[in-house]
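Chemist: Okay, here's the structure, questions in a sec.
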Amino acid sequence: MESAEKILAELWAQVRACRRCQAEGFIPRAAPVFSPVVPTRWMLIGQAPGTVEESVGQPFSGRAGSNLFRWLAEAGWPETEFRQTVHMAALTRCFPGKNQNGDGDRAPSAAELALCRPYLEHELAWLEPQHVILVGTMALVAFWPKETLASAVGRILATQSTDWICLPHPSGTSRWLNLPLHREKLRRALANIRELRGAGD
């Protein structure tokens, strides 16, 4: 039987070659962004790469990434160690482009999410992560459609085999953390991550 690492390496070869969204006219050029396959109990799922991520080929490399890793450092998880020990994925792997009004990046459409979802499902199936960090509303709703950021951030959403921890999107255009209550929810979420890691998972 093939190892999960080999299966995932083959999957990533498919992702690299994927041109589905380009062929459908959603994006002008396919440039999938991904992290190295990490056999781990931890996985992070974001929304989609931005322009910086597209140019350097690494998830969360721009301003949002700086905010995300600042949060994770508060949870005792430095960026270098995190990237080496967590498999980082996204709902879509190519940069969707800018909003028409120029204010931030365009959110992937439902059709784009559907085209890219099989890759994500295969990753989850083969990695079988014990803990999944969902970053932002789109990532949360993709797996927990009845939850909102306000209800999910700060809680551990548990299924039979997986703990799901939600974080707000670290985008500089987000205003979610303007409320003191929401900032407290983020602190609880980071404390949950610290505690789960401290438990040896």
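Since every read-out is calculated from the coordinates, none of them should be taken as a lab result. The shown structure was predicted, so the numbers you read here are calculated from the model rather than taken from an experiment. For neighbour counting, all protein chains shown are included, and Cβ atoms are generated from backbone atoms with ideal geometry for every residue, glycine included.
Chemist: Under 7 Å between Cβ atoms, at least 6 apart or on separate chains: pull out the pairs that start in segment 156-179 with a residue that is farther than 25 Å from W42 by Cα and end on any residue that is part of a loop (DSSP other than H, G, I, E, B) and acidic (D, E).
Modeler: So the pair list comes out as T173/D103.
Chemist: Select, from G102, G97, the only residue that is over 26 Å from I156 (Cα atoms), without any contact (Cβ under 8 Å) to a residue 24 or more places away in the chain and of a type outside the set (A, V, I, L, M).
Modeler: G102
Chemist: Something else about it: Condition first: surrounded by fewer than 14 Cβ atoms within 10 Å (Cβ to Cβ) and of a type in the set (D, E). Now tell me which residues in segment 84-108 satisfy that.
Modeler: D103
Chemist: Which fully enclosed strands (runs of 3 or more DSSP E) of segment 121-201 have 2 or more residues being closer than 18 Å to G76 by Cβ, in contact with a strand residue (DSSP E or B) (Cβ under 7 Å, 6 or more places away or on another chain) and of a type in the set (D, E)?
Modeler: Correct list: empty, since no element meets the threshold.
Chemist: Mind listing just one residue for me: the one in segment 3-59 that is hydroxyl-bearing (S, T, Y) and assigned to a helix (DSSP H, G or I) and, of those, nearest to A107 (Cα to Cα)?
Modeler: Looking at the filtered set, the residue picked out is T51.
Chemist: Looking at A111, A64 in this structure, which one is touching a residue at least 60 places away in the same chain (Cβ under 8 Å), surrounded by fewer than 19 Cβ atoms within 10 Å (Cβ to Cβ) and either more than 15 Å from the chain's Cα centre (by Cα) or in a helix (DSSP H, G or I) (or both)?
Modeler: Working: A64 fails: surrounded by fewer than 19 Cβ atoms within 10 Å (Cβ to Cβ).
Step by step, each of A111, A64 is checked, and only A111 is touching a residue at least 60 places away in the same chain (Cβ under 8 Å), surrounded by fewer than 19 Cβ atoms within 10 Å (Cβ to Cβ) and either more than 15 Å from the chain's Cα centre (by Cα) or in a helix (DSSP H, G or I) (or both).
Chemist: Let me ask another. Can you name the number of the only condition in (1) surrounded by fewer than 23 Cβ atoms within 10 Å (Cβ to Cβ); (2) closer than 23 Å to A142 by Cα; (3) of a type outside the set (D, E) that A73 fails?
Modeler: For A73, the failing item is (2).
Chemist: Here is a follow-up. Filter segment 134-170 down to residues that are at negative phi and under 13 Å from the mean Cα position of the chain (by Cα), then give me how many there are.
Modeler: From segment 134-170, those at negative phi are 134-135, 137-153, 155-170; that's our starting set.
From what is left, the residues that are under 13 Å from the mean Cα position of the chain (by Cα) are 134-135, 137-143, 164-170.
Residues that pass the stated criteria total 16.
Chemist: Within the bounds of segment 85-93, is there any residue that is in a loop (DSSP other than H, G, I, E, B), charged (D, E, K, R) and under 27 Å from S174 (Cβ atoms)?
Modeler: yes
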